[in-house]
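Beneath this line is the structure, given in structure tokens, with notes to follow.
The values are calculated or read from the model by the stated rules, or taken from the named source; none is laboratory data. This is a predicted model, so every value here is computed, not measured. No Cβ is skipped: glycine too gets one built from the backbone with ideal geometry, and neighbour counts run over all protein chains shown.
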Amino acid sequence: MRQFKNNLIALLFLALGVCSNLSWSAGTIAYNETLDGFKYPFAVDYYKFESFGQDLKMAYMHVRSPMTETSSSKPTAVLLHGKNFSGFYWEEVAHSLQDWGYDVLIPDQIGFGKSSKPVNFQYSFRQFARLTHELLKSKGIDKFIVIGHSMGGMLAIEMAYLFPKEVQNLVLVNPIGLEDYGYYSAPKPYEFFLNYERKKTIEDIIAYQKKNYYAGQWEEKYEALTRIHEGWLNGPDAEKIQTVNALTYNMIFSEPAILKVPELQTNISLILGTRDRTGPGRGWRSNELDYELGRYDKLGNHIKQKNKKVRLFELNELGHLPQIEDYSRFESVLKKSLQ
């Protein structure tokens, strides 16, 4: 009887277009392209602009620290999400930064999270950096630190490269882009990535994250990060989401962030879970090159040789999301990286 009631309630929610963050049985969570009904940890606002003849909006959370009411000596911390995520997963980090006296700004890049998902758009790190910079200017923020995770690390490097006088500190958390994926892997067309996205199931997403992010372990806090993907797969805009996801692969392979690292002038902190083996393009490596992508246990020292401003913080036995796996260890290192 209870199961019948739960199923009936879930169907009513879907019929009304209202979605809940509750973990119903598989197949009952559904979200539209902008995650209406999915609750973020802080109030969401939007930066609106026009591009390619269309009105777009970039979702963001702007979280103020109680300390900045009396003193504004610290720059704002800008948190940049990875490709498989959006701004909501920065919640714990944002609270820590607040406690340390930082205001925090957390955008969802166009194509991600609660932001617009245009199919006709220039998906590139330079474009993302420009829009994020315009958002900051609209808030009157001209000095900031940038903290980027995974794909957000590639964007963070682009921002430090384009706006060196404004970026006061650069913190990279298990970033991708420390290798030139386009060089080490055979080129693939857009249709390859679209086909990959169309075949993907929630079981595939969970299996990938369980294996590659968490060394075969799985907990409720890990599952929580997959619910938006389950909701999108079940939602009315699934095909559009798949198209946009496919479009956003190109910049990872065509804009090698590693080439800009030696030229960065700001202070750089590199926080690496050394168990991480994330290497886009590993599955279609160029046969002419004998190189293993994604060896984060080796990448740190390699990057230090490219730029003497790099400070390396290695977290042994942690993977691609150290801020999720073991927050206390990550928080300690993050605080050191900002000093």
message: Looking at S73, S124 in this structure, which one is within 30 Å of E197 (Cβ to Cβ) and of a type in the set (S, T, Y)?
response: S124
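Is there a residue in the range 269-280 that is part of a helix (DSSP H, G or I) and in the same structural domain as M159 (by TED's automatic domain parsing)?
No, the conditions are met nowhere in the range 269-280.
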- prompt: Assuming L172 fulfils every condition listed in (1) in contact (Cβ under 8 Å) with a residue 40 or more places away in the chain; (2) assigned to a helix (DSSP H, G or I) apart from one, which condition is it?
  reply: (2)
field: Scope the range 214-225; condition crowded, with 18+ Cβ neighbours inside 10 Å and in a helix (DSSP H, G or I); matching residues
entry: L225
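Of all residues in the range 281-294 being part of a loop (DSSP other than H, G, I, E, B) and of a type in the set (D, E, K, R), which is nearest to the chain's Cα centre (by Cα)? Walk me through it before giving the result.
The first filter runs over the range 281-294 and keeps only residues part of a loop (DSSP other than H, G, I, E, B), leaving 281, 286-294.
Filter again for of a type in the set (D, E, K, R), leaving 288, 290, 292.
On the way: E288: 32, D290: 29, E292: 24 Å.
Only one residue tops the list, namely E292.
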Elements of type helices (runs of 4 or more DSSP H) contained in the range 66-169, each with 2 or more residues being of a type in the set (D, E) and outside the structural domain of V310 (by TED's automatic domain parsing): none
query: in the same structural domain as Y208 (by TED's automatic domain parsing), part of a loop (DSSP other than H, G, I, E, B) and either touching a residue at least 60 places away in the same chain (Cβ under 8 Å) or surrounded by 17 or more Cβ atoms within 10 Å (Cβ to Cβ) (or both): does that describe G300?
result: no
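Please determine whether any residue of the range 239-254 is crowded, with 17+ Cβ neighbours inside 10 Å and over 20 Å from the mean Cα position of the chain (by Cα). Explain how you work it out, then say what you get.
Here is the first cut: in the range 239-254, the residues crowded, with 17+ Cβ neighbours inside 10 Å are 241-249, 251-253.
From what's left, over 20 Å from the mean Cα position of the chain (by Cα): none.
Among the residues of the range 239-254, not one is crowded, with 17+ Cβ neighbours inside 10 Å and over 20 Å from the mean Cα position of the chain (by Cα), which makes the answer no.
Out of curiosity, is H62 within 24 Å of Q323 (Cα to Cα), modelled with pLDDT of 95 or more and in a strand (DSSP E or B)? Lay out the reasoning, then the answer.
Values: within 24 Å of Q323 (Cα to Cα): yes; modelled with pLDDT of 95 or more: yes; in a strand (DSSP E or B): yes.
Answer is yes for this residue.
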- request: Within the range 318-327, identify whether any single residue is surrounded by fewer than 17 Cβ atoms within 10 Å (Cβ to Cβ), within 29 Å of D99 (Cα to Cα), without any contact (Cβ under 8 Å) to a residue 40 or more places away in the chain and within 20 Å of the chain's Cα centre (by Cα), and answer yes or no.
  value: yes
task: Those residues that are in a helix (DSSP H, G or I), at pLDDT 95 or above and in contact with a Pro (Cβ under 9 Å, 6 or more places away or on another chain), I need them from the range 179-213; list them, please.
output: Y181
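Which ones in the range 63-79 are surrounded by 12 or more Cβ atoms within 10 Å (Cβ to Cβ) and either more than 17 Å from the chain's Cα centre (by Cα) or over 17 Å from S96 (Cα atoms) (or both)? If you could, list the steps in order and put the result at the bottom.
At the first step, the residues of the range 63-79 found to be surrounded by 12 or more Cβ atoms within 10 Å (Cβ to Cβ) are 63-65, 67-68, 72, 74-79.
Of everything in the range 63-79, those that are surrounded by 12 or more Cβ atoms within 10 Å (Cβ to Cβ) and either more than 17 Å from the chain's Cα centre (by Cα) or over 17 Å from S96 (Cα atoms) (or both) turn out to be V63, R64, S65, M67, T68, S72, K74, P75, T76.
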statement: The number of residues in the range 300-339 that are in contact with a helix residue (DSSP H, G or I) (Cβ under 8 Å, 6 or more places away or on another chain) and of a type in the set (G, A, S) is 1
message: Exactly one of these conditions fails for L264: (1) among the hydrophobic types (A, V, I, L, M, F, W, C); (2) in contact (Cβ under 8 Å) with a residue 60 or more places away in the chain; (3) closer than 22 Å to K117 by Cα. Give me its number.
response: (3)
- prompt: In this structure, is G113 under 20 Å from A257 (Cα atoms) and either within 16 Å of the chain's Cα centre (by Cα) or at pLDDT below 95 (or both)?
  reply: no
statement: All conditions in (1) touching a Lys or Arg at 6+ places or on another chain (Cβ under 9 Å); (2) closer than 22 Å to I252 by Cα are true of L318 except (2)
query: When you scan the range 184-213, how many residues do you find that are loosely packed, with under 14 Cβ neighbours inside 10 Å and among the aromatic types (F, W, Y)?
result: 3
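Please work out which residue is farthest from P118 (Cα to Cα), limiting yourself to the range 43-61 and to residues that are among the aromatic types (F, W, Y) and surrounded by fewer than 18 Cβ atoms within 10 Å (Cβ to Cβ).
Here is the first cut: in the range 43-61, the residues among the aromatic types (F, W, Y) are 46-47, 49, 52, 60.
Next, only the ones that are surrounded by fewer than 18 Cβ atoms within 10 Å (Cβ to Cβ) stay: 46, 49, 52.
Values: Y46: 16, F49: 13, F52: 9 Å.
Looking at residues that are among the aromatic types (F, W, Y) and surrounded by fewer than 18 Cβ atoms within 10 Å (Cβ to Cβ), I get Y46.
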